[in-house]
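Reading through the structure tokens given below for one structure.
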Amino acid sequence: MHTTALNNLPFEEAQNYLQKVTFFKALLQANEDQHEQLLQVTQVLELAPGEVIIHKGSKDKIFYSVVKGKLDVFANDSSENAIGHVLAGQVVGGLSLISQKPKTATLAAARLSGAILLATDFSLFGEIDDFSHVDLVTKLCLFRNVVNYTNLKLDQYRHHSQNPELTKALAEIASFTGEKGSLQELIALEKQALNLGRLLSRWNTSI
């Protein structure tokens, strides 16, 4: 793995990476100062083909954004066949950070192409109601991205699954219907992340 601070890259190269990530694009539009603050704690990781970046059961304070290539998702470290893929533009690792639970799967760079990721330190986010470093808008941008992507992933699993119990459990996870942009939405997203994380863990085990 080769690591470089994002701010050490040529401006055009760094912007090219950031424009591929939905979270960073949304944050730039919502709050340019917060966008710049997160860039200060973001590294660029170049992974060799097959190199593991996340081990199932591990915990850290980093969320990753895929900007080139893709990641293969495995049920655990010893699995040989991928159960899914993470493509450029998607954020990974955020679900376990929000839920404060171990990772639910093992992720490795694609065996043919490798991958380039952005690795951003989540420590600035603090507790759910701590806005001393990261404001409400920034937290909402990330939490929405993580919950939406996890819902999409689980919906893909549902289409290929013969497990009615898990399909029913996914349908029963309620979406937020209150005031958008509020602290209540952030708390609801945190609760969704907890429920989705538990369900994703069960689904990965069942595949």
**Q.** For the chain, with +1 on Lys and Arg beta carbons and -1 on Asp and Glu, the positive-most of 178, 91, 152 along the dipole
**A.** 152
Q. Are there GluC sites (Glu not before Pro) in the stretch 155-207 that DSSP marks as loop and that have at most 11 other Cβ atoms within 10 Å, and which are they?
A. 172, 179
Q: Quick one: grab the alpha carbon gyration tensor of the stretch 1-105, order the square roots of its eigenvalues as a ≥ b ≥ c, and give me rounded if a/c is under 1.5, else prolate or oblate depending on whether a/b is larger than b/c.
A: prolate
Q) For the stretch 78-85, in order, what is each residue's ³J(HN,Hα) by Karplus, 6.51 cos²θ - 1.76 cosθ + 1.60 with θ = phi - 60°, in whole Hz (x at glycine and Pro)? A) 8, 6, 9, 9, 5, 9, x, 9
**Q.** the stretch 102-172: C-alpha gyration tensor shape, a/c 1.5 cut-off, then a/b vs b/c
**A.** oblate
Q.
Applying a 10 Å radius around every beta-carbon, put 105-113, 10-18 in order of their mean neighbour count, most first.
A. 105-113, 10-18
Q | Charge dipole magnitude, Cβ of K and R +1, D and E -1 - the chain, Cα centre, debye nearest 20 | A | 740 debye
(Q) Net charge around residue 57, counting only other residues with Cβ within less than 12 Å of its Cβ (Lys, Arg = +1; Asp, Glu = -1)? (A) +2
(Q) Per residue, how much accessible surface does the stretch 105-144 expose to a 1.4 Å probe? Answer in Å², no decimals. (A) 38 Å²
Q) Which residue, chosen from 74, 7, 62, occupies the Cα position most advanced towards the positive end of the dipole of the stretch 1-123, where the dipole is computed from +1 (Lys, Arg) and -1 (Asp, Glu) charges on Cβ about the Cα centre? A) 74
Q. Taking the stretch 151-207, which trypsin sites (Lys or Arg not before Pro) meet the DSSP loop condition and have no more than 12 other C-beta atoms within 10 Å?
A. 180
Q) Just in the stretch 114-192: which chymotrypsin sites (Phe, Trp or Tyr not before Pro) are loop by DSSP and have at most 16 other Cβ atoms within 10 Å? A) 131
Q: Beyond 28 Å between alpha-carbons counts as too far, so tell me which of 56/180; 153/191; 59/180; 61/153 fall in that bin.
A: 56/180; 59/180
Q.
How big is the dipole moment of the stretch 161-207 about its Cα centre under a simple scheme where the beta carbon of each Lys and Arg is +1, that of each Asp and Glu is -1, and everything else is neutral? Debye, nearest 20, please.
A. 140 debye
Q: Quantify, in whole percent, the carbon and sulfur part of the accessible surface of the stretch 41-198 (1.4 Å probe; protein heavy atoms only).
A: 51 percent
Q: Lys and Arg at +1, Asp and Glu at -1: add these up for the other residues within a Cβ distance under 13 Å of residue 18 and post the number.
A: -1
Q. Local charge sum around residue 69 (other residues, Cβ-Cβ under 13 Å, Lys/Arg +1, Asp/Glu -1)?
A. +1
Q) Please state the relative contact order of the stretch 59-192 as a whole percent: Cα pairs under 8 Å, 6+ residues apart? A) 25 percent
**Q.** Alpha-carbon centroid distance for the pair the stretch 14-54 / the stretch 137-207, whole angstrom
**A.** 23 Å
(Q) Placing unit charges on C-beta atoms (Lys and Arg positive, Asp and Glu negative, everything else neutral), compute the dipole magnitude of the stretch 130-198 about its Cα centre in debye, rounded to 20. (A) 220 debye
**Q.** Global form of the chain, assessed from the alpha-carbon gyration tensor, a/c cut-off 1.5
**A.** oblate
Q) Residue farthest toward the positive end of the dipole of the chain, with Cβ of Lys/Arg at +1 and Asp/Glu at -1: which of 42, 53, 31? A) 53
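The values are calculated or read from the model by the stated rules, or taken from the named source; none is laboratory data. Small disclaimer: the values here were computed from a predicted structure and weren't measured. A quick note on method: Cβ atoms are made from the backbone with ideal geometry, for glycine too, and the neighbour counts reach across all protein chains shown. What goes into the accessible areas is simple: the full protein's heavy atoms, side chains included, and nothing from ligands, DNA or RNA. Shrake-Rupley method; radii C 1.70, N 1.55, O 1.52, S 1.80 Å.
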